[in-house]
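**Student:** Submitted below is the structure of interest, expressed as structure tokens.
The values are calculated or read from the model by the stated rules, or taken from the named source; none is laboratory data. Note that the coordinates shown come from a computational prediction; the quantities given were computed from them, not determined experimentally. Virtual Cβ from ideal backbone geometry, glycine too; neighbours counted across all protein chains shown. SASA here: full protein model, heavy atoms, side chains in, ligands and nucleic acids out. Shrake-Rupley method; radii C 1.70, N 1.55, O 1.52, S 1.80 Å.
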Amino acid sequence: MRNLDAWRALRAPFLTGLALSAALMLLPLTALGGSGASARTGPEVLTLPAAPTPAAQPTQSLPTAETDSARSLRVLQKDGTVEEMTMADYLWAVVAAEMPATFEPEALRAQAVCARTYSLWKMQAGSHGSDGADICADSSCCQAYISPEDAAQRWGESAAETYTVKIAGAVADTDGQVLTYDGAPIQAVFFSSASGATEDAEAVWGKALPYLVSVDSPEGDEVPNYRSTVTLTADQVRKVVSEAGLGAELSGEPSTWFQNLTRTASGRVAGIEVGGVSLSGGAARNLFALRSACFDVSEQDGVFTFSVTGYGHGVGMSQYGANAMAKAGSGWQDILAHYYTGAQLQTGL
């Protein structure tokens with residue numbers, strides 16, 4: 001599909017099919033449940049969103065809209081322009097950018113609900129009001145975004161139509177569904193892959209949220225680059241730490257530079273001392289450019305090796321975990337219920 005009109009046309013049959021379940025959609029609040037479909041897929045490299053520190057209640061209300069096509073939003077593009085589009089069009093671009101189109105349909109549906117929910121949370125927060133927008137296309141701030149044209153080019157001509165239809169179906173099949181807690185959209189953050197369990201929001205960002213607590217996650221070594229290493233010489237470690245302005249004392253034997261590593265219940269590094277300076281696991285991850293805060297560090301002959309498992313901040317839904325659950329037969333409702341403890345599905349927000 002080379003343009004937005006073309007993929008909208010492909011999306012239409014899915015939207016028509018939603019009429020069959022309209023009676024169910026009238027329920028204001030539904031418990032998470034259901035069973036899944038499966039299809040054979042393969043993984044790709046993910047572009048991940050940066051999750052903000054959990055914040056207070058949103059600052060503004062949203063106009064009621066039960067369907068994605070009935071809700072519009074203004075998207076701040078990377079070139080500084082603001083484009084108004086329907087939520088359906090925006091979600092297609094987010095799901096296409098955030099999750100491999102090769103993933104199971106049920107995982108893609110779960111991702112669509114996460115993207116919709118997170119979008120509404122950001123819209124209520126009003127963080128882009130000064131830009132004349134509701135949300136932006138920068139993954140380091142909001143969510144990743146790709147146009148249908150760019151997605152088709154990335155996928156290649158032979159796969160573009162299939163993947164276009166598949167993602168349109170994931171958006172349409174979950175039309176209007178939002179994850180809520182106490183009646184408000186949750187911060188439906190997500191990440192790539194976990195090291196056996198997700199992490200509490202409090203352990204990563206210092207603020208507890210009842211629906212962002214540690215749960216088991218089923219992915220493993222089938223994930224590309226699930227286990228990774230970063231190797232740094234003593235001089236490189238000293239340079240990185242010095243440039244960060246930590247005031248750490250990196251003298252004497254390199255084997256003494258990293259001390260007192262502690263872990264959270266999920267196995268990620270809770271804290272570590274670097275040259276006598278205490279860092280959180282997340283800060284150490286960022287400092288040494290590690291894929292996650294689940295790591296070990298060893299030293300031999302003045303060379304440090306960081307052995308890392310998983311990818312991402314670890315809070316909320318693991319995308320590869322969602323795909324593993326879908327392959328095992330879980331539906332998108334089951335996946336969301338598993339990763340967002342106590343959250344409910346609601347329409348008409």
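**Student:** For every other residue with a beta carbon closer than 13 angstrom to the beta carbon of Arg268, add +1 if it is Lys or Arg and -1 if Asp or Glu, then tell me the sum.
**Tutor:** Around Arg268, the charge tally is -1.
**Student:** Got a number for the accessible area of Leu261? Probe 1.4 Å, square angstrom, nearest 10.
**Tutor:** My reading of the accessible area for Leu261 is about 70 Å².
**Student:** Residues with amide H under 5 Å of Ala197's amide H, sequence separation 5 or more or different chain, H placed in the peptide plane at 1.01 Å from N; which?
**Tutor:** Placed amide hydrogens put Ser217 under 5 Å from Ala197.
**Student:** In what sequence, largest accessible area first, do Lys78, Lys122, Lys327, Lys166 appear using a 1.4 Å probe?
**Tutor:** Lys78, Lys327, Lys166, Lys122
**Student:** Tally Lys and Arg at +1 and Asp and Glu at -1 over the other residues with C-beta under 11 Å from the C-beta of Leu212: what net charge comes out?
**Tutor:** After counting each charged neighbour, the total is -2.
**Student:** Rolling a 1.4 angstrom probe over the protein chains, ignoring ligands and nucleic acids, what is the accessible area of Trp155 in square angstrom, nearest 10?
**Tutor:** 30 Å²
**Student:** How much net charge surrounds Arg291 when only other residues with a Cβ under 11 Å from its Cβ are counted (Lys, Arg +1; Asp, Glu -1)?
**Tutor:** Net charge around Arg291: +2.
**Student:** Region 259-303 to region 68-104: how many Å between their Cα centroids?
**Tutor:** 36 Å
**Student:** Now for a separate question. If you filter region 190-279 for GluC sites (Glu not before Pro), then keep DSSP loop positions with at most 14 other Cβ within 10 Å, what is left?
**Tutor:** Sparse-neighbourhood loop GluC sites (Glu not before Pro): Glu222, Glu249.
**Student:** Could you compute the FRET efficiency for Thr305 and Glu202, with r as their C-beta to C-beta distance and R0 at 35 Å, rounded to 0.05?
**Tutor:** Once rounded, the FRET efficiency stands at 0.70.
**Student:** Just to verify a number: FRET efficiency for Ala70 and Gln153, C-beta to C-beta distance, R0 = 22 Å, to 0.05?
**Tutor:** 0.15
**Student:** Another question, if that's okay. Taking a label point 7 Å from the Cα of Arg227 along the Cα→Cβ vector, which residues of region 309-334 have an amide N closer than 18 Å to it?
**Tutor:** The answer is 309-312, whose backbone nitrogens lie closer than 18 Å to the label point.
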